[in-house]
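One structure below.
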Ligand SMILES: [Mg+2]
């Protein structure tokens, strides 16, 4: 092991726009779905985009797996069909979404080699994301990096109708299960940038804040949280490049607030959060890991103590729910989640 590495025990890694370009696949996937659905249903694409936006807003997520079943126009056109029937009837459009999402999902350069290097050095790598479990684990599996994480801290899946999902799925349950180390489900109400999320994860692996490093693209969520938890923060500034076409697609359907959209390309001065280190590629994590801690450049000083973001409140006190490795079978897994988690269809 590199001598400097022994000082660093944990690397926390945000996922969207830190290891892959989230908008880079979501945009093309929506642009595969809507034209096909428009053809099949004889409804204009604009109308479909508008209805998706309403559904995503209501669900609070643009990665809402059963959105198609909830489009009012499709229900109106097919009064004899229930939700599962609708998903099956328009499955070609769902397939177009899934295919494009898979084709456009790509790791940023250097990610896989860097994760492998961290693993070879014996460093614990934990993914920390606001994404829902099913989508997150599926994505890591498609990217072939599931094995490179000690665990994934994410949100539980929203409840779904298991009977409906069973009627839509084409494959046995095992086909949809892709564990990536330990499930580290975030406690209810505790989300980025609540620093207790990191404190709980540090406790999970028995590391101190100064033995950890965090890399993420959001100044107001990732960088701020790391600073507030006393963990060295690394801003993945390379994740801020969006295609104009993909951004336009997102704006047509997003549930995000105007502030959240504005924040997508806001810099440190605009949001008042100054990262300690600005990464120009994911490999910078390996560079930092290979240096003694005292030599890590600290470009701007930590800002968490200086600012308070509007709307940022600490969640309720609670520890992370953890589950042992290896990941249990589907049945026992579902039991452990005490009904909070539900397997979803291979998503739309
Ligand atoms: Mg991100």
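Read the figures in this text as sums done on the coordinates, not as results from a lab. In this text the structure is predicted, and so the values were computed from the model without any measurement. Here the Cβ positions follow ideal geometry from the backbone for every residue, glycine too, while neighbour counts run over all protein chains shown.
A few points about this structure:
- Efficiency of FRET between residue 39 and residue 266 - r from beta-carbon atoms, R0 35 angstrom, step 0.05: 0.35
- A full extension of the chain between residue 103 and residue 76 corresponds to an added length of 6.5 nm, given 0.36 nm per residue minus the alpha carbon distance.
- Three-way shape call for the stretch 261-301 based on the alpha-carbon gyration tensor, with the a/c threshold at 1.5: oblate
- Size check on the stretch 24-104: the Cα extents along the three principal axes, sorted descending, read 36, 25, 22 Å.
- For the stretch 50-170, diffusion coefficient by Stokes-Einstein and Kirkwood Rh (Cα), 10 °C, 1.306 mPa s, µm²/s: 95
- Computed from the C-beta positions of residue 95 and residue 256, the FRET efficiency with R₀ = 22 Å rounds to 0.25.
- Paramagnetic label reach from residue 112 (point 7 Å along Cα→Cβ; backbone nitrogen cut-off under 13 Å): within the stretch 132-176, residues 141-148.
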